[in-house]
Structures are given as C-alpha cells and as structure tokens.
1. Can you name every residue in segment 26-57 that is without any contact (Cβ under 8 Å) to a residue 40 or more places away in the chain and over 16 Å from Arg12 (Cβ atoms)?
2. Residue check, Asp58 against (1) at pLDDT below 90; (2) acidic (Asp, Glu); (3) within 25 Å of the chain's Cα centre (by Cα); (4) farther than 30 Å from Thr2 by Cβ, all met but one. Which one?
3. Between Ala26, Ala35, which is crowded, with 16+ Cβ neighbours inside 10 Å and not assigned by TED's automatic domain parsing to the domain that holds Gln87?
4. Applying the selection to segment 89-109, what residues are closer than 24 Å to His59 by Cα and part of a helix (DSSP H, G or I)?
5. Any chance segment 71-94 includes a residue that's in contact with a helix residue (DSSP H, G or I) (Cβ under 6 Å, 6 or more places away or on another chain) and more than 30 Å from Thr112 (Cβ to Cβ)?
6. Within the bounds of segment 63-86, is there any residue that is in contact with a His (Cβ under 7 Å, 6 or more places away or on another chain) and not polar (S, T, N, Q)?
7. Out of Arg93, Arg39, which single residue is of a type in the set (Lys, Arg), over 23 Å from the mean Cα position of the chain (by Cα) and over 30 Å from His109 (Cα atoms)?
8. Hand me the list of helices (runs of 4 or more DSSP H) wholly inside segment 6-71 holding 2 or more residues that are over 30 Å from Leu86 (Cα atoms).
Amino acid sequence: MTKALSLDLRERVVAAVEGGLSCRQAAERFGVGSASAIRWCQRARETGTPKSAPQGGDHRSQRIEAERDLILGIVDRTGDITLVELQAELATRGHRFSIGALWRFFARHGITWKKRPRMPASRIVRTS
C-alpha cells in the first residue's frame, strides 16, 4: 500500500480549487493526479479538511470477538488445548476461524500458556 501524500500538498491543491481553478487544473499545477485532487476537494467539503483517512488496521476482529465467551469457555474447560484443536472444536459448533485469527485473538487478550514444562538437560549426551 502506498503512503499518503502530505497534508500540506493536499491543502495547497484544495486552496487552489477554492481560489478559482478547476480540480484538473490544480492537479496539473501541483503535479498530482486529477482523481486525487477531486477526492481531496470532496473530502475537504465533507469533513472540513483534506486530511487522509486512516489506512490499514483490523476490519474483521468483531466476528471472532462476538464468540469471545465461547472461546474462553472452551479454553477454561479443556485447559491444555492447541490452536488446531480449538479450531476443530469451534468448527463443530459452526464457527470457522483461521489459526492466525485465533492467535491474534489470544494475543489481543494477553492470554499465553506454555504447553509443556521445559525439559532438563541431558546428562548422557551433549545436546549442543
């Protein structure tokens, strides 16, 4: 994804349009695309500023968050469960989530657990 152009440039294009130039003329004058100038002017009329909208971010976590109680209930009940097992359990209940979505869900809620205790070093053979 490309980076948004500076607010200063956007404001100068909008000011030129408000000063009497058409959007296409202002775009040519400042070396930007005409579609960009049109969008910036439209955004300035709607919101009062040509500032760019936030980019990226999570747009789908509300689907897994709606099942928060179910997921946490399964984890509390079973205790030692892997993400693959949790994914399969949720699928039997009609909810399909990827391993990555489950991983991010637990990271968002600060839930971590170690599956096994650390093994002691071998006394018979060198391990490294």
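1. Ala35, Gln42, Arg45, Glu46, Thr47, Gly48, Ala53, Pro54, Gly57
2. Against the list (1) at pLDDT below 90; (2) acidic (Asp, Glu); (3) within 25 Å of the chain's Cα centre (by Cα); (4) farther than 30 Å from Thr2 by Cβ, Asp58 comes up short only on (4).
3. On the way: Ala35 fails: crowded, with 16+ Cβ neighbours inside 10 Å.
The unique qualifying residue is Ala26.
4. Of all residues in segment 89-109, those closer than 24 Å to His59 by Cα come to 90-91, 93-109.
Result: Leu90, Ala91, Ile99, Gly100, Ala101, Leu102, Trp103, Arg104, Phe105, Phe106, Ala107, Arg108.
5. For segment 71-94, residues in contact with a helix residue (DSSP H, G or I) (Cβ under 6 Å, 6 or more places away or on another chain) and more than 30 Å from Thr112 (Cβ to Cβ): absent.
6. Quick first cut of segment 63-86, residues in contact with a His (Cβ under 7 Å, 6 or more places away or on another chain) only: 67.
Now drop any that are not not polar (S, T, N, Q), which leaves 67.
Yes, because at least one residue in segment 63-86 is in contact with a His (Cβ under 7 Å, 6 or more places away or on another chain) and not polar (S, T, N, Q).
7. Details: Arg93 fails: over 30 Å from His109 (Cα atoms).
Arg39 is the lone residue from the list that is of a type in the set (Lys, Arg), over 23 Å from the mean Cα position of the chain (by Cα) and over 30 Å from His109 (Cα atoms).
8. Working: elements: 7-18, 23-30, 34-47, 61-65.
Hits in segment 6-71: 7-18, 23-30, 34-47.
The values are calculated or read from the model by the stated rules, or taken from the named source; none is laboratory data. This is a predicted model, so every value here is computed, not measured. Counting neighbours? That spans all protein chains shown, and the Cβs are built from the backbone with ideal geometry, glycine included.
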